[in-house]
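Please read the structure below before turning to the comments.
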Amino acid sequence: MRIAVYPGSFDPLTNGHLDIIRRGMRLFDRFLVAVLENEGKSPLFTVAERMDLVRKCTSDIPGTEVHSFSGLLVDFMRTVDASVVVRGIRAISDYEYELQMALMNRELNSEVETIFMLPGVEYTYVSSRLIKEVFRLGGDVARLVPPPVLKSLKARLPVTAGNGA
Ligand code: PNS
């Protein structure tokens, strides 16, 4: 049984994340999306809301499971008996941070392997942070997030002309 964990904040899920989930799912028997309970980062959506959005948006991708975790990723991986971490890399600028995390996770547990996957080129500039910023400022992000996420953004943030209202 090949089990992968795809960890992240997913605040909120973007079409770039979804693209990685679809690609990753083809390689593994079980694909666990692991949502970090990062209350310290003051996320826009609670962990339950972020999990619910991932669940709604992946309901058509069999084999995908949605989990949450706090503390060390390697500790969570042990609890689900997984040894592969999947992370998406958009541009070379992501690489340094991802390399540090991958090597730290390997230091903490030498059994853990990190696999980097590339999203479709149309998503290489998409990040949750930019989605929130652009939406807040009235930009249209409808092409960049799944419909349930757009709906939740509209419910959570003031809707301004232009941002998909
Ligand atoms: O979507 P993000 O915010 O880039 O995801 C970062 C994440 C959740 C993968 C990373 O912050 C993480 O694994 N946090 C858990 C704490 C941990 O294990 N830290 C040590 C490894 S660097």
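What follows is calculated from the coordinates using simple rules that are stated; it is not laboratory data. The shown structure was predicted, so the numbers you read here are calculated from the model rather than taken from an experiment. So basically every Cβ, Gly included, is an ideal-geometry build from the backbone, and we count neighbours across all protein chains shown.
So the values come out like this:
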{"item": "Search result, residues across the stretch 96-107 that are in contact with a strand residue (DSSP E or B) (Cβ under 8 Å, 6 or more places away or on another chain) and more than 9 Å from the ligand (Cβ to nearest atom)", "result": "ARG106"}
{"item": "Residues of the stretch 108-118 classified as farther than 28 Å from VAL145 by Cβ and more than 9 Å from the ligand (Cβ to nearest atom), total", "result": "5"}
{"item": "Residues of the stretch 39-62 satisfying the condition of being in a loop (DSSP other than H, G, I, E, B) and either in contact (Cβ under 8 Å) with a residue 40 or more places away in the chain or surrounded by 16 or more Cβ atoms within 10 Å (Cβ to Cβ) (or both)", "result": "PRO43, LEU44, PHE45, THR58, ILE61"}
{"item": "Test result for ARG90, touching a Ser or Thr at 6+ places or on another chain (Cβ under 6 Å) and within 12 Å of the ligand (Cβ to nearest atom)", "result": "yes"}
{"item": "Residues within the stretch 1-17 that are within 8 Å of the chain's Cα centre (by Cα) and in a helix (DSSP H, G or I), tallied", "result": "1"}
{"item": "Filtered residues of the stretch 50-94 (kept if within 21 Å of LYS151 (Cα to Cα) and out of contact with any helix residue (DSSP H, G or I) (no Cβ under 7 Å at 6 or more places or on another chain))", "result": "ARG50, MET51, ASP52, VAL54, ARG55, SER59, ASP60"}
{"item": "Within the stretch 9-38, tally of residues that are within 14 Å of the ligand (Cβ to nearest atom) and either without any contact (Cβ under 8 Å) to a residue 60 or more places away in the chain or farther than 21 Å from LYS132 by Cα (or both)", "result": "8"}
{"item": "Boolean, ASP11 is of a type in the set (Asp, Glu), within 21 Å of LEU153 (Cα to Cα) and surrounded by 19 or more Cβ atoms within 10 Å (Cβ to Cβ)", "result": "yes"}
{"item": "Those residues of the stretch 91-100 which are over 10 Å from PHE116 (Cα atoms) and either surrounded by 15 or more Cβ atoms within 10 Å (Cβ to Cβ) or of a type in the set (Ser, Thr, Tyr) (or both), in sequence order", "result": "SER93, ASP94, TYR97"}
{"item": "Residue among VAL141, VAL121, VAL80, VAL85 that alone is in contact (Cβ under 8 Å) with a residue 40 or more places away in the chain and more than 10 Å from the ligand (Cβ to nearest atom)", "result": "VAL80"}
{"item": "Verdict on GLY71 being within 10 Å of the ligand (Cβ to nearest atom), without any contact (Cβ under 8 Å) to a residue 60 or more places away in the chain and loosely packed, with under 13 Cβ neighbours inside 10 Å", "result": "yes"}
